[in-house]
């Protein structure tokens, strides 16, 4: 169990460290610009995380994937809670590390933009950690469009569903379309890159409850207070927790029905 736990912890740390680090860089410097570059770093992070930790734990790196595999696959339910703990722990440590490296630069960004951390408008910098809809893009959100919740929920549900669909199709041993072990990390990394490019303007393209909740909690502790949990109202947990969990389950089930070997039915 220790090997499984630390595999998920380390893999989720790598994924989230690369990912929110790219968001931080795009906000406080000119090193990264545009959704494509940020999405590419997320994809590289996932590729590296899977490559390193798949032999250790299977590289779920995402509570939504873990729950879908337990619900529709052969993943033991007794391992779900330890995997969740490892994933949230790895994401939390990544958020703390990024805050440690970039907090001075974030404070400078807030000062230049006239933002007060924890007050309305500071979602422009809090977006480095938690996610908000529609994507703040480094600016205060202002008045939210009435359709933003529905669009964001659909984006997170559909995006996570597609990611789970390809995980099942390419990586699950019962699939008739499973890829070579050497190709799986790159294939899923490219998939995540494309999904982020498509959906990040709508919801910031989280597709991962650990990636959102753990850094969101840290941002609340690091000075943004209640803002991360009240800005989008009830939408924060519906969009970034409920939608990914339900979307992954649907995507995994759909792929299972489409690509599972006949002998496994």
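The values are calculated or read from the model by the stated rules, or taken from the named source; none is laboratory data. Predicted model, so just to flag it, every value in this text is computed and none were measured. All Cβ positions, even for glycine, are placed from backbone atoms using ideal geometry, and neighbour counts span all protein chains on display.
Brief remarks on what is shown
- Check on residue 142, more than 24 Å from residue 49 (Cα to Cα), surrounded by fewer than 18 Cβ atoms within 10 Å (Cβ to Cβ), out of contact with any helix residue (DSSP H, G or I) (no Cβ under 9 Å at 6 or more places or on another chain) and at pLDDT below 95: yes
- Between 221, 198, the distinction of being part of a helix (DSSP H, G or I), free of Cβ contacts under 8 Å to residues at least 24 places away in the same chain and surrounded by fewer than 17 Cβ atoms within 10 Å (Cβ to Cβ) belongs to 221 only.
- Residue count for the stretch 246-258 satisfying the condition of being surrounded by 21 or more Cβ atoms within 10 Å (Cβ to Cβ) and within 15 Å of the chain's Cα centre (by Cα): 2.
- Filter result for residue 207 (crowded, with 19+ Cβ neighbours inside 10 Å and part of a loop (DSSP other than H, G, I, E, B)): yes
- Looking at 162, 213, 192, 188, just one residue is in a helix (DSSP H, G or I) and more than 24 Å from residue 85 (Cβ to Cβ), and that residue is 162.
- Residues that are modelled with pLDDT of 95 or more and surrounded by fewer than 20 Cβ atoms within 10 Å (Cβ to Cβ) number at least 3 in the following helices (runs of 4 or more DSSP H) confined to the stretch 1-83: 2-28, 34-57.
- Selection within the stretch 170-190 - surrounded by 19 or more Cβ atoms within 10 Å (Cβ to Cβ), touching a helix residue (DSSP H, G or I) at 6+ places or on another chain (Cβ under 7 Å) and in contact (Cβ under 8 Å) with a residue 40 or more places away in the chain: 175, 184, 185, 188, 189
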